[in-house]
Amino acid sequence: MNIKFLAIMLAVLAIVAFSGCIQPSEEKPSGTPTPSESPAKATDEKLAEEIAASMETPSELAGLDELEVDLNELEELASELTETEDIAESGIDESTFE
Amino acid sequence: MNKRVLVIAILALILISAVIAQPLAGIAEKSAVGKRLVKTRILEKLQHLPKEKRELLENLKPAKLRILNALKSDDIKKFAELDPKHLEKIKKLKARHLAKLGKLDKQVLQKIADLPEEAMKKVTKLKVARLKKLANTKLLQHAKQLKEEHMWRLSELRTDELKKIENIDEKALKKLAKLPAPLLRRVVAELPKEVLESEELNEEDLEKLAEVPPEKLEKLKGLEPAKIKYIIAKLPRLSEAKRRYLIAKERYLLAKERYLAAKEMFLEAKHKMLELKERFRQASPEDKNKLKEELLDHAVLVLTHQIEAAIDRLEALKDKNSAPANVDEILAKLNSMLETLEKEDITAAEVVDIAKEFRALWIEKHKQALIRVIKNMIAKLERIIKRGETLLEKASKLIDKLESEGLSEDKVAKLRTALNRFEEDLQWIKDKVEKAKQSYLKLDQELAPGEIHKIAVKANKLARIAHRKIMRHYAFIMRLAHLYRALQHKEDVEELMADLPEPAEVSEDELGEIEEMETETEVEEEGGAVETEVTEEVSETPTELEEGAETAGGTECTEALLEMHSCTYDATTNQVTVELENTGALELVGFQIKLEYADGSISETESSESLIPGGTLTLTIESETKPETVTVVASNCPNISVALQCEVISE
């Protein structure tokens, strides 16, 4: 009886221990490097900073985007001015069918 | 006696009704002649067809029958060879889109006919060359799920770029097609297919990637999409101003393209009609009747394309806030004219009336539109000058900052000298714009159409000079930004200090053209009246047949398409090499090449080379430094142009 009890206890303990081993690991949010990837993460951080720096515009020059937009719109308006009224003339009048 | 009166009265009534009925019957017969003859002519061309198909074509509306009748026999056969279910769908297209299909070869027509009805309606709004380009890939199959502007953006890609994405899944394709054209092109050209297809990256991520400088993108594109996402999360989003502008520009280009396509169809139809008119004049009396009906059909086609072109132009102007007043009423008027032209029994007198009415309306509205564009242009120039002033003030503060960051005294002095020159240059532009404004403020409704066109041409020149100059200002300010960045990262600034951008120069001729306008204004102010050289309505419009002859070569530009596969700069030989391919169906003769440099300067050259459909051409241009962008415009089709950023292949 005692042996039986011991065997059951051992079996229960084995199950508990085994289930503990296979507990699912904590889910990581997509795209976030794991701690083991920290050197890679540092490289990524460095690259991100490098790219961000290359795209940075000093605050003194804020408004360049708007100037670029205005310049492009000026070009479009200028191209409208070369349009002639040549679609006015169809060449159709009373003499056409006479 | 009474009976006699009654009999006489009855006889008189019979006689009168006979007299009245005769011409009425004549009119009825005459009015039916047009339609009958169109059908008869079509049937003559289609008599070999099975009854089912013949009936389908016979039942087309008169406007569409006229379109079909104007096609060559071989082109009609292409339609006739389609299945009845395809013809049933094609019948529902607008007349102008049906005319476009007539220009496609059999295989492309079949692919389009295979599309669901709604998709077919969408793609036939695109110009012929774009349709052909898309039909050569599997992308046409996605037309049902994509919007018209999405299809337009995709057709902006080069053939090899289209091939790269033709097999990607529809979800990824939809994501790509939502990007404005220049961004779409950059990501498709630069990123591997796996990155483009990745579900990790959304539309905003792709927009960010499209803005990353080339050398940095090179480092990014080899990474896994998840890593790319992690890195670009730290990058700034595309500015709202730029996004709005890119979308507005696309809408404008699409509307303008529709107008140019409609205008070419009009000029083509007009040319054919003028030839027919000449044949009609010289025809024998017995041939005249038949020719008159044919001439009437062609005249209706000419007016239809003419009015459609006008509608498209007004829509394009509406997008630019430059349409004449009451534009919706004008559009309604034009649409009612189109309805009249759709009538089966339209008469020659009605056609002449519409032609006259349209001419008067268009000359007036075109003039109003030009005045509005000129006024908008001046307002835009004033805004640009204000922005330029603010930026130059900020640039001055930035030079102070560069000084405090340790930039040497001589370099700071060099930058200040350059800044002074740009300030003087901006003042020059300001003075010219102010003088021009005084001249343009006199614009009123009394000006003859030819006169307004003359002023518009001058205003265009002023805008182009101001644009060129301000671009140099922009380049100078960007150089300061690069210097600041370099100093902050402890990089060498020697190269950035060499060849600083300078104000753009204006040639004697250009100056003369602007000053001529100022002088005219002053004469007007002093004398109270100005003698105008141009008083005719359209000073440069050739006579009917001359114009027909002149436009014959240009009427097929809807068939033209050009691609630039590469642009490279070899610093050892100082040569720019561009690889071109004619992907349209029209030979391109001569090219204008514009090189745009980082400092805003522009150099232009020409080539007399020709490029046959399907052919490739390599152009080599001498250049001391690397241009940022090269633009190539086909000389015989000025609306056909391609631009590409240049890469250095050797330092």
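The values are calculated or read from the model by the stated rules, or taken from the named source; none is laboratory data. The structure presented is a predicted model; accordingly, all values stated were derived computationally and were not measured. Every residue, glycine among them, receives a Cβ derived from its backbone with ideal geometry; neighbour counts consider all protein chains shown. Side chains are part of the model used for accessible areas, which takes the heavy atoms of the whole protein and leaves out ligands, DNA and RNA. Shrake-Rupley method; radii C 1.70, N 1.55, O 1.52, S 1.80 Å.
Scanning segment B:102-133 for residues that are part of a helix (DSSP H, G or I) and of a type outside the set (A, V, I, L, M) turns up B:Lys106, B:Gln107, B:Gln110, B:Lys111, B:Glu117, B:Glu118, B:Lys121, B:Lys122, B:Arg130, B:Lys132, B:Lys133. Take B:Ala325 and tell me if it is free of Cβ contacts under 8 Å to residues at least 60 places away in the same chain, of a type in the set (Gly, Ala, Ser) and not in a helix (DSSP H, G or I). Considered against the rule, which asks whether it is free of Cβ contacts under 8 Å to residues at least 60 places away in the same chain, of a type in the set (Gly, Ala, Ser) and not in a helix (DSSP H, G or I), B:Ala325 comes out as yes. Taking first residues from segment B:430-456 that are of a type in the set (A, V, I, L, M) and modelled with pLDDT under 75 and partners that are part of a loop (DSSP other than H, G, I, E, B) and open to solvent by 50 Å² or more (accessible area, probe 1.4 Å), the Cβ contacts under 6 Å between residues at least 6 apart in sequence or on separate chains come to B:Ala448/B:Thr535. Exactly one residue among B:Leu295, B:Leu274 is within 27 Å of A:Glu83 (Cβ to Cβ), at the interface with chain A (Cβ under 9 Å from one of its Cβ atoms), at pLDDT 90 or above and in contact with a helix residue (DSSP H, G or I) (Cβ under 8 Å, 6 or more places away or on another chain), and that residue is B:Leu274.
For the criterion of being more than 7 Å from chain A (Cβ to nearest Cβ), at pLDDT 95 or above and open to solvent by 20 Å² or more (accessible area, probe 1.4 Å), B:Ala332 passes.
Only residues that are modelled with pLDDT under 90 and among the aliphatic types (A, V, I, L, M): list them for segment B:472-486, please. Correct list: B:Met478, B:Ala481, B:Ala486. Scanning segment B:153-179 for residues that are open to solvent by less than 10 Å² (accessible area, probe 1.4 Å) and assigned to a helix (DSSP H, G or I) yields B:Leu154, B:Ser155, B:Glu161, B:Leu162, B:Ile165, B:Ala172, B:Leu173, B:Leu176, B:Ala177. Can you tell me how many residues in segment B:418-430 are under 15 Å from B:Lys380 (Cα atoms) and open to solvent by 70 Å² or more (accessible area, probe 1.4 Å)? So the count comes out to 1.
Condition test on B:Arg258, is it at pLDDT below 90, surrounded by 15 or more Cβ atoms within 10 Å (Cβ to Cβ) and part of a helix (DSSP H, G or I)? Yes. Within segment B:375-411, if we keep just the residues that are closer than 19 Å to A:Ser79 by Cα and more than 7 Å from chain A (Cβ to nearest Cβ), the residue that is most open to solvent (accessible area, probe 1.4 Å) turns out to be B:Lys375.
Within segment B:229-253, residues that are in contact (Cβ under 8 Å) with a residue 60 or more places away in the chain and more than 7 Å from chain A (Cβ to nearest Cβ) reach partners that are assigned to a helix (DSSP H, G or I) and among the hydrophobic types (A, V, I, L, M, F, W, C) with beta carbons closer than 7 Å, at six or more positions or on different chains, in the pairs B:Glu250/B:Ala181. Taken over segment A:74-94, the criterion of being more than 7 Å from chain B (Cβ to nearest Cβ) and assigned to a helix (DSSP H, G or I) is satisfied by A:Ser79 alone. Only one entry of B:Lys64, B:Lys85, B:Lys92, B:Lys53 meets the criterion of being outside any helix (DSSP H, G or I), modelled with pLDDT of 70 or more, open to solvent by 20 Å² or more (accessible area, probe 1.4 Å) and not hydroxyl-bearing (Ser, Thr, Tyr), and that entry is B:Lys92.
Only one of (1) open to solvent by 50 Å² or more (accessible area, probe 1.4 Å); (2) within 7 Å of another protein chain (Cβ to nearest Cβ); (3) among the charged types (D, E, K, R) is not met by A:Lys41, so which one is it? Evaluating A:Lys41 over (1) open to solvent by 50 Å² or more (accessible area, probe 1.4 Å); (2) within 7 Å of another protein chain (Cβ to nearest Cβ); (3) among the charged types (D, E, K, R) leaves (2) as the failure. Only one entry of B:Leu98, B:Leu37, B:Leu46 meets the criterion of being open to solvent by less than 30 Å² (accessible area, probe 1.4 Å) and at pLDDT below 80, and that entry is B:Leu46.
Filtered by the rule that a residue be open to solvent by less than 60 Å² (accessible area, probe 1.4 Å) and touching a residue at least 24 places away in the same chain (Cβ under 8 Å), segment B:204-228 gives B:Asp205, B:Leu206, B:Glu207, B:Lys208, B:Ala210, B:Leu217, B:Lys221, B:Pro225, B:Ala226, B:Ile228.
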